[in-house]
Amino acid sequence: MSSELIQKVQDAIKNYKKDEAVKAAQEALDAGVDPVELIEGMTAAMREIGDKFDKGEVFLPHVMAASEAMKAAVAVVEPVLKGAKAGESIGVYLIGTVEGDIHTIGKDIVATMLSIAGFDVHDLGRDVPNVEFANKAKELNADIVGASALMTTTMLNQRAVVEELEKVGIKDKVKVMVGGAPITQEWADKIGADAYAENALDAVRIAKKLVGAE
Ligand code: HCB
């Protein structure tokens, strides 16, 4: 039952049907589907669209329509997740999508899940200048800086963020976590990041470990 309802949301996203995605997401929640499982299902649907785009089977307007449907469906699930938010802050997590990159869906999901887990999350948004990550991290005395990059071109700015943190003298005080579709553990190691997270659940688990909350 639960998988059928998740499938319904996935189909709506893959068919670019925003209203249906919203309706199906609400239906799934009402039927008691786990909100985290629901978001994971949506993520898988979005990845399929990305693969099709890669193969030239769909084009940018399709990707935009699917991402609009996904964002609308995520918005239905978010209040439910936020209702489960933990009380006291376990650390300050500064997150943003790197300079030159406007992909926000994954970053937003990570921010929501971290916030539910008890982090005090500050979201810089998208296309964030490298230096802004460093300045804001210093100002907030952040525990973790999370830089999201979805393109092979913009992932280079994750390295630039690490360098900016070094320049303002806080690289040894703050942990850097990197994520996004083209990112790997190998890349994280190469640029001197402290951690790589493959998805939002991973991000929460690793972030908790980094601040000693697990
Ligand atoms: Co976009 N796009 N796109 N896109 N896009 C990608 C990323 C490509 C891989 C598609 C492809 O070619 N196969 C590709 C990049 C190729 C490359 O590497 N060079 C690409 C391209 C080329 C572009 C444009 C340049 C297209 C154009 O204009 N010609 C343009 C970018 C402009 C720019 O940024 N300057 C563009 C635009 C768009 C939109 C606007 C249509 C839309 C984004 C809407 C939005 O975000 N508000 C979009 C989308 C949706 C995608 C795909 C299809 C899906 C991305 C997504 O939302 N995935 C993507 C294909 C793909 O990723 N395979 C495609 C779902 C989320 C939930 O997964 O991986 O983002 P996620 O996040 C995960 C995970 O990575 C991790 O946790 C998240 C949750 O589980 N994580 C973190 C992410 N950040 C983290 C940070 C942390 O601290 C910790 C963990």
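The values are calculated or read from the model by the stated rules, or taken from the named source; none is laboratory data. For clarity, every value in this text was computed on a predicted model and none was experimentally measured. Glycine also receives a Cβ, built like all others from the backbone with ideal geometry; neighbour counts cover every protein chain displayed.
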For the subset of the range 127-143 comprising residues that are surrounded by 24 or more Cβ atoms within 10 Å (Cβ to Cβ) and touching a helix residue (DSSP H, G or I) at 6+ places or on another chain (Cβ under 6 Å), which member is farthest from Val168 (Cα to Cα)?
Phe133
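Report yes if Val58 is out of contact with any strand residue (DSSP E or B) (no Cβ under 6 Å at 6 or more places or on another chain), aliphatic (A, V, I, L, M), assigned to a helix (DSSP H, G or I) and not assigned by TED's automatic domain parsing to the domain that holds Gln185, otherwise no.
Spelling it out, it is not the case that Val58 is out of contact with any strand residue (DSSP E or B) (no Cβ under 6 Å at 6 or more places or on another chain), aliphatic (A, V, I, L, M), assigned to a helix (DSSP H, G or I) and not assigned by TED's automatic domain parsing to the domain that holds Gln185.
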When every residue in the range 25-40 that is touching a helix residue (DSSP H, G or I) at 6+ places or on another chain (Cβ under 7 Å) and within 9 Å of Ile6 (Cβ to Cβ) is compared, the one surrounded by the fewest Cβ atoms within 10 Å (Cβ to Cβ) is Glu37
Matching residues in the range 175-204 (within 14 Å of the chain's Cα centre (by Cα) and free of Cβ contacts under 8 Å to residues at least 24 places away in the same chain) number 3
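If you go through the range 160-185 one residue at a time, how many are assigned to a helix (DSSP H, G or I) and within 15 Å of the ligand (Cβ to nearest atom)?
Step one: list which residues in the range 160-185 are assigned to a helix (DSSP H, G or I), which gives 160-167, 185.
Then drop every residue that is not within 15 Å of the ligand (Cβ to nearest atom), which leaves 161-162, 165, 185.
Residues flagged as assigned to a helix (DSSP H, G or I) and within 15 Å of the ligand (Cβ to nearest atom) within the range 160-185 amount to 4.
Among the residues of the range 23-60, count how many are under 21 Å from His103 (Cα atoms) and either more than 15 Å from the ligand (Cβ to nearest atom) or over 22 Å from the mean Cα position of the chain (by Cα) (or both).
Within the range 23-60, the first condition is being under 21 Å from His103 (Cα atoms), and the residues that meet it are 36, 38-60.
After this cut, where a residue has to be either more than 15 Å from the ligand (Cβ to nearest atom) or over 22 Å from the mean Cα position of the chain (by Cα) (or both) as well, the list is 55-59.
Looking only at that region, the number is 5.
Does Ala65 satisfy the criteria of being assigned to a helix (DSSP H, G or I) and either charged (D, E, K, R) or within 17 Å of the chain's Cα centre (by Cα) (or both)?
Details: assigned to a helix (DSSP H, G or I): yes; either charged (D, E, K, R) or within 17 Å of the chain's Cα centre (by Cα) (or both): no.
Criteria not met by Ala65.
Is it the case, given these coordinates, that Asp143 is outside the structural domain of Phe53 (by TED's automatic domain parsing), in contact (Cβ under 8 Å) with a residue 60 or more places away in the chain, away from the ligand (no atom under 12 Å from the Cβ) and not aliphatic (A, V, I, L, M)?
On the way: outside the structural domain of Phe53 (by TED's automatic domain parsing): yes; in contact (Cβ under 8 Å) with a residue 60 or more places away in the chain: yes; away from the ligand (no atom under 12 Å from the Cβ): yes; not aliphatic (A, V, I, L, M): yes.
It is true that Asp143 is outside the structural domain of Phe53 (by TED's automatic domain parsing), in contact (Cβ under 8 Å) with a residue 60 or more places away in the chain, away from the ligand (no atom under 12 Å from the Cβ) and not aliphatic (A, V, I, L, M).
Any idea which of Leu114, Leu29, Leu38, Leu81 is in a helix (DSSP H, G or I) and either within 15 Å of Gly180 (Cα to Cα) or in the same structural domain as Val168 (by TED's automatic domain parsing) (or both)? Spell out how you get there, then give the answer.
Values: Leu29 fails: either within 15 Å of Gly180 (Cα to Cα) or in the same structural domain as Val168 (by TED's automatic domain parsing) (or both); Leu38 fails: either within 15 Å of Gly180 (Cα to Cα) or in the same structural domain as Val168 (by TED's automatic domain parsing) (or both); Leu81 fails: either within 15 Å of Gly180 (Cα to Cα) or in the same structural domain as Val168 (by TED's automatic domain parsing) (or both).
Leu114 is the lone residue from the list that is in a helix (DSSP H, G or I) and either within 15 Å of Gly180 (Cα to Cα) or in the same structural domain as Val168 (by TED's automatic domain parsing) (or both).
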Within 25 Å of Met46 (Cβ to Cβ), touching a strand residue (DSSP E or B) at 6+ places or on another chain (Cβ under 7 Å) and outside the structural domain of Asp34 (by TED's automatic domain parsing): which single residue out of Val174, Val204, Val178 fits that description?
Val178
If you go through Leu156, Leu150, Leu124, the only one that is at pLDDT 95 or above, outside the structural domain of Val74 (by TED's automatic domain parsing), in contact with a His (Cβ under 6 Å, 6 or more places away or on another chain) and surrounded by fewer than 24 Cβ atoms within 10 Å (Cβ to Cβ) is Leu150
Looking only at the range 9-19, which residues are within 20 Å of Pro79 (Cβ to Cβ) and over 22 Å from the mean Cα position of the chain (by Cα)?
Asp19
Condition broken by Lys136, with the remaining ones in (1) in a helix (DSSP H, G or I); (2) basic (Lys, Arg); (3) more than 15 Å from the ligand (Cβ to nearest atom) satisfied
(3)
Can you tell me which of Ile95, Ile109 is in contact (Cβ under 8 Å) with a residue 40 or more places away in the chain, near the ligand (Cβ under 9 Å from one of its atoms), at negative phi and assigned to a strand (DSSP E or B)?
Ile95
